[in-house]
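Please read the structure below before turning to the comments.
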Amino acid sequence: MLVSARSEIGRVRKDNEDSYLVSKERDLFVVADGMGGHAGGEVASSIVKRVLAEEITAQQSADGCEHLLLNALLKANSLILRLGQDQAYLGMGTTVTAAMFEMGRLSIAHIGDSRAYLFREGELRLLTQDHSLVNELLQKGELTPEEAENHPRRNILTRALGTVENPQIDQFNLTVQQGDLLLLCTDGLHNLVNEKEIGQILSEGDQLDTMVDSLIDLALERGGNDNITAVLVKYEERTLEDEHK
């Protein structure tokens, strides 16, 4: 598995409330975008990163990725809710998009408006659905894609981790193949760089670091009005030799 990751504070925010996790040992990759002010947002996204790193170990893979991801996120949710009772952290929460590979399958757990994209054989596919007010209106046909792109309430979330006791977390699996690229990113990227542009950058690049830099630098050039985080993974099948290293 090859991976490149980068997180930028952007050109407007004073703090970076995004977090990401890269674990090649567990084939686990995560982005999280905190909310609730600089203190709460940063804490909430960091809790997700820490809990996933602690709860999911390479030895646990027999339990199934879906089960592991869900249990870890529910534990993180409880911790965020408990800490959120403190006046300093009122209203905090976080988006999460977590991906875990196992035996040619990819498991995704997702809540909020961070995203997962799959790039395969020159085509980019959005895997996740934004849990946002604007996306709900778009799905109902009450907004056009053009109206949604510039809607003044586009950042209002309908779901996030740490806001309710029993969060509705999307989970799904798909089969992956050699050479697939998985992009996880926060809205600081996808709000400023559209899918056509993402696909073009991934199709023209040959190094993961270069592709990640191109994506984030383009968002910065367009104002960088939010924190920007991207994790790019190239799937490579493990060999028996890899398993015994």
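The values are calculated or read from the model by the stated rules, or taken from the named source; none is laboratory data. If you're wondering where the values come from, they're calculated on a predicted model, not measured in any experiment. When we count neighbours, we look across all protein chains shown, and the Cβ atoms used for this are built from the backbone with ideal geometry, even at glycine. Please note that ligands, DNA and RNA were not included when accessible areas were found on the heavy atoms of the full protein model with its side chains. Shrake-Rupley method; radii C 1.70, N 1.55, O 1.52, S 1.80 Å.
Cross-link partners of Lys140 among lysines, defined as those whose alpha carbon lies under 29 angstrom from its own and excluding same-chain residues fewer than eight positions apart: Lys196. Can you tell me how the range 48-196 classifies by the Cα gyration tensor, rounded, prolate or oblate, using a/c under 1.5 as the rounded cut? Cα axes put the range 48-196 in the oblate bin.
The mean sequence separation of alpha-carbon pairs under 8 Å and at least six residues apart, normalised by the residue count of the chain, gives a relative contact order of 27 percent. Here the Karplus relation 6.51 cos²θ - 1.76 cosθ + 1.60, evaluated at θ = phi - 60°, turns the backbone of the range 105-113 into coupling constants of 10, 10, 10, 10, 10, 8, 8, x, 10 Hz, with x for every Gly and Pro. Under a model in which nothing but the beta-carbon of Lys, Arg (+1) and Asp, Glu (-1) is charged, the chain shows a dipole of about 580 debye around its Cα centre. Secondary-structure-derived ellipticity at 222 nm for the chain, considering helices only, amounts to -10000 deg cm²/dmol, per-run term -39500 (n - 2.57) for DSSP H runs with n ≥ 4. Counting charges near Arg159 (Lys, Arg +1; Asp, Glu -1) among other residues having Cβ under 12 Å from its Cβ returns a value of -4.
Take the alpha carbon gyration tensor of the range 1-134, find the square roots of its eigenvalues, order them as a ≥ b ≥ c, and report rounded if a/c is under 1.5; if not, report prolate when a/b exceeds b/c, else oblate.
Oblate, because a/c is 1.5 or more while a/b does not exceed b/c.
With K and R counted +1 and D and E -1, the other residues having a Cβ less than 10 Å from that of Leu52 yield a net charge of +2.
For the chain, the fraction of 1.4 Å probe accessible surface lying on carbon and sulfur atoms is 44 percent. The residue among Pro145, His67, His110 whose Cα reaches farthest toward the positive pole of the charge dipole of the range 24-162, with charges on the beta-carbon of Lys, Arg, Asp and Glu, is His67.
A simple rule links phi to the HN-Hα coupling: the Karplus curve 6.51 cos²θ - 1.76 cosθ + 1.60 with θ = phi - 60°, which for the range 7-13 gives 9, 10, 5, x, 9, 10, 5 Hz, with x for Gly and Pro. Once you order the gyration tensor axes a ≥ b ≥ c over the Cα atoms, which shape class does the range 138-245 get: rounded for a/c under 1.5, otherwise prolate or oblate by comparing a/b with b/c? Judged from the Cα gyration tensor, the range 138-245 comes out oblate (a/c at least 1.5, b/c at or above a/b).
Which peptide among 129-141, 207-219, 170-182 comes first, and what is the full order, when sorted by highest mean count of other Cβ atoms within 10 Å?
Those peptides, ordered most packed to least, come out 207-219, 129-141, 170-182.
Magnitude of the charge dipole for the range 1-103, about its Cα centre and with charges confined to Cβ atoms of Lys, Arg (+1) and Asp, Glu (-1), is about 280 debye. Residue pairs exceeding 24 angstrom between C-alpha atoms, taken from Lys14/Lys234; Lys14/Lys49; Lys24/Lys49; Lys49/Lys234: Lys14/Lys234.
Taking all protein chains into account, the per residue accessible area for the range 167-242 stands at 45 Å² (1.4 Å probe).
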